[in-house]
Structures are given as structure tokens and as C-alpha cells.
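The values are calculated or read from the model by the stated rules, or taken from the named source; none is laboratory data. Note that the structure is a prediction, hence the values are computed from the model and not measured. Reconstructed Cβ throughout: ideal geometry from the backbone, glycine too, with neighbour counts over all protein chains shown. Protein only, heavy atoms only, side chains kept; ligands, DNA and RNA dropped before computing areas. Shrake-Rupley method; radii C 1.70, N 1.55, O 1.52, S 1.80 Å.
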Protein chains: 2
Amino acid sequence: MRLTSKGRYAVMALVDLAKFNDINPVSLRDISLRQGISLDYLEQIFSKLRKKAIVQSVRGNQGGYVLNKKANEIKLTNIFDAVDEKVKTVQCKKESKKGCNGKPTKCLTHNLWDELENHINDFFEKKSLEDLIKDNIERRI
Amino acid sequence: MRLTSKGRYAVMALVDLAKFNDINPVSLRDISLRQGISLDYLEQIFSKLRKKAIVQSVRGNQGGYVLNKKANEIKLTNIFDAVDEKVKTVQCKKESKKGCNGKPTKCLTHNLWDELENHINDFFEKKSLEDLIKDNIERRI
DNA sequence: TATATACTTGACTAAATTAGTCAGGTTTAT
DNA sequence: ATAAACCTGACTAATTTAGTCAAGTATATA
């Protein structure tokens with residue numbers, strides 16, 4: 001089980017954005033340089049974030065991106081959801097009609113993976129962008 | 001983020017083994033048939049489980065595998081550890097000397113992934129094979 | 001002792017996924 | 001006008017996964 005870097009980058013970029021988000025929009029170029037993420041890849045990620053209304057774009061010279069909600073209203077769930085980062089534990093769920101393994105009943109561990117998914121999603125549900133920023137400032141002091 | 005099927009199969013197979021583990025050892029062939037997992041793949045998995053002393057093999061005719069510990073002493077952590085299923089959240093950890101992104105400091109979200117890892121490992125640490133079997137019996141009633 | 005059953009090991013491979021790159025746009029402040 | 005910055009879709013190399021395949025070794029039982 002591993003997290004993909006798309007999800008990681010999305011969170012990193014948004015923390016960066018939130019930190020530097022005062023008067024002017026923040027350009028992807030700046031985020032790219034500060035966080036060491038390829039500009040092209042950032043554009044893909046921000047396109048998705050924009051479609052889910054997490055950020056807003058400002059076009060033209062001196063343009064960039066702005067948060068579309070308050071930092072405490074953006075949960076990790078929202079971010080991961082936007083970039084298609086999902087917790088996929090059970091393959092059995094693909095064929096929803098059948099049970100798992102092609103058998104009519106649930107597989108022996110079906111319940112377990114459900115619980116695990118919930119456990120992880122709880123974590124993502126509770127953490128907001130604001131939490132991350134606070135945590136960041138505290139550690140700097 | 002997703003769980004690999006090697007980890008899933010390992011858990012499924014062990015639950016199956018624990019259920020049918022009375023007097024005789026359980027053959028991989030039986031597990032394969034009951035759980036719909038390829039025999040060859042099961043052999044790979046059980047080889048690892050044996051090396052970590054989670055199961056014991058009984059060779060020869062009528063042979064098979066037996067649990068090497070009590071079901072309540074086998075935690076999910078142990079199983080996942082045996083088959084190399086790990087929770088890998090942060091790539092930054094690879095180059096331990098440096099911080100993340102090749103920079104000397106930790107990346108903005110380093111702490112977050114640490115917390116997530118702990119959160120998930122907690123879950124695996126608490127669940128034992130016995131819990132899974134109980135859960136299974138209860139749902140059947 | 002023959003032999004079938006079952007474990008054991010290592011090498012190999014096809015498919016899927018990821019982590020980007022690349023090219024060619026469009027929009028708009030200055 | 002033009003440069004900065006967003007926007008989009010297609011493409012690709014590397015990695016990982018989920019197995020398969022082949023060639024054994026060990027041993028209970030007839």
C-alpha cells in the first residue's frame with residue numbers, strides 16, 4: 001500500500017499556496033521552484049483542483065491561483081478526492097453484484113478492508129489545510 | 001493509495017487456515033480451491049509466512065500448514081510485514097540524510113505522512129487473526 | 001520400496017499504473 | 001503587442017504487481 005505522489009504533491013502545493021496567499025495570486029512557477037515539483041505536473045494537478053472548486057485561477061500576466069475556500073474548510077478528503085487519490089483496499093468491490101472471488105458470498109476478510117478504509121478516511125476527514133499550516137509554523141519556532 | 005493483493009491474499013489464506021486448523025494440517029490446495037487463489041501464488045506467500053514463523057509446514061502426504069502461534073498472537077502487522085506489504089507514504093524518506101526534495105529541510109507535509117503512517121499501523125497492530133475469525137463467525141449467525 | 005501428495009525455490013512475463021514530459025494552444029495585465 | 005501564466009490532451013519510460021512456469025525435494029502411506 002502506498003500513496004501516489006500526485007496526492008502528496010497536491011497537498012504540498014496547497015500548503016505552499018496557503019502560506020503565500022496574501023494579496024496576489026500565487027503562480028505555479030513559484031510553487032514549482034519552491035517545492036521542486038515539475039511545472040507541467042503541477043498544471044495537471046491544479047486543473048483538477050480548480051474543477052472541484054478548491055482553488056480559483058487568475059489568468060493573465062501576474063496571474064496565478066488563489067484558495068477558493070478558507071483553509072479550515074478544505075479537508076484532506078477534498079484534496080485527495082479532487083486528484084483521484086483513493087484508498088482502494090478491496091478488489092472484490094469491483095464486481096458489485098457478485099460477492100468476492102466470483103462467489104456469491106463475501107470473502108472472509110471483506111469486513112476488514114471496509115473497516116480499514118473507514119479508519120483511513122477518518123484521518124483525512126479530520127485534517128484540514130489549516131491544521132497543516134499551523135503545524136508548519138509551530139515547528140519553525 | 002491501495003493495498004496489494006499479496007497482502008489481501010495472505011490474510012484471507014490465514015483466516016481460512018485458522019478456521020480449518022483442527023487436527024490435520026491444511027493443504028494449500030484446499031485453500032486455493034476454497035478461496036480462489038492460485039496455488040503457485042499461495043506457495044510464494046506461505047514461503048514468506050513460514051520464514052517469519054507465522055506458520056509451520058508439514059511435509060509429505062496429508063501434509064500442509066499449521067499456525068505456529070495462537071490466533072490472538074498473530075497481528076495484522078506481523079502478516080503484512082511477512083509478505084512485504086508496507087505502508088509507504090513518503091518518498092522523502094528514501095534519502096534519509098537529506099530532507100525532502102533534495103533540500104536540507106523537511107518538506108511541508110513531512111509530518112503529516114508520519115502521522116498517517118502511525119494511524120494506519122495502529123489499526124494493523126490492534127487487529128489479530130482471532131478478531132477476524134470471531135467477526136466471521138458472528139456474521140454467519 | 002514405490003509413489004503420490006505436498007512443500008520449495010527461482011526465474012520469468014504480461015498487464016497495469018505512475019510520474020511525469022511535450023507540444024500546442026488560450027487568456028489577459030501591462 | 002507581448003510576455004506571463006493558465007489550459008489541455010496526447011504520449012512514454014519506468015516501475016510494480018500479479019501472477020505463471022518449471023524443476024525440483026521431502027515424506028506418509030500402501
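Overview of values
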item	result
Residue match in the stretch A:32-40 (condition: near DNA strand D (Cβ under 9 Å from one of its atoms), in contact with a strand residue (DSSP E or B) (Cβ under 7 Å, 6 or more places away or on another chain) and hydrophobic (A, V, I, L, M, F, W, C))	no
Residues located in the stretch B:1-53, provided they are among the acidic types (Asp, Glu) and assigned to a helix (DSSP H, G or I)	B:Asp16, B:Asp30, B:Asp40, B:Glu43
Subset of the stretch A:1-43 [surrounded by 16 or more Cβ atoms within 10 Å (Cβ to Cβ), of a type in the set (A, V, I, L, M, F, W, C) and more than 10 Å from DNA strand C (Cβ to nearest atom)]	A:Met1, A:Ala10, A:Val11, A:Met12, A:Ala13, A:Leu14, A:Val15, A:Leu17, A:Ala18, A:Val26, A:Leu28, A:Ile31
Residue check, A:Phe123 of a type in the set (Phe, Trp, Tyr), at pLDDT 90 or above and either touching an Asp or Glu at 6+ places or on another chain (Cβ under 6 Å) or within 16 Å of DNA strand C (Cβ to nearest atom) (or both)	no
Looking only at the stretch A:44-83, and only at residues there that are within 16 Å of DNA strand C (Cβ to nearest atom) and open to solvent by 90 Å² or more (accessible area, probe 1.4 Å), the one that is farthest from A:Met12 (Cα to Cα)	A:Asn61
Number of the exception - A:Leu17 against (1) within 11 Å of chain B (Cβ to nearest Cβ); (2) in contact with a Pro (Cβ under 7 Å, 6 or more places away or on another chain)	(2)
Test result for A:Lys86, under 30 Å from B:Asn121 (Cβ atoms), within 11 Å of chain B (Cβ to nearest Cβ) and open to solvent by 70 Å² or more (accessible area, probe 1.4 Å)	yes
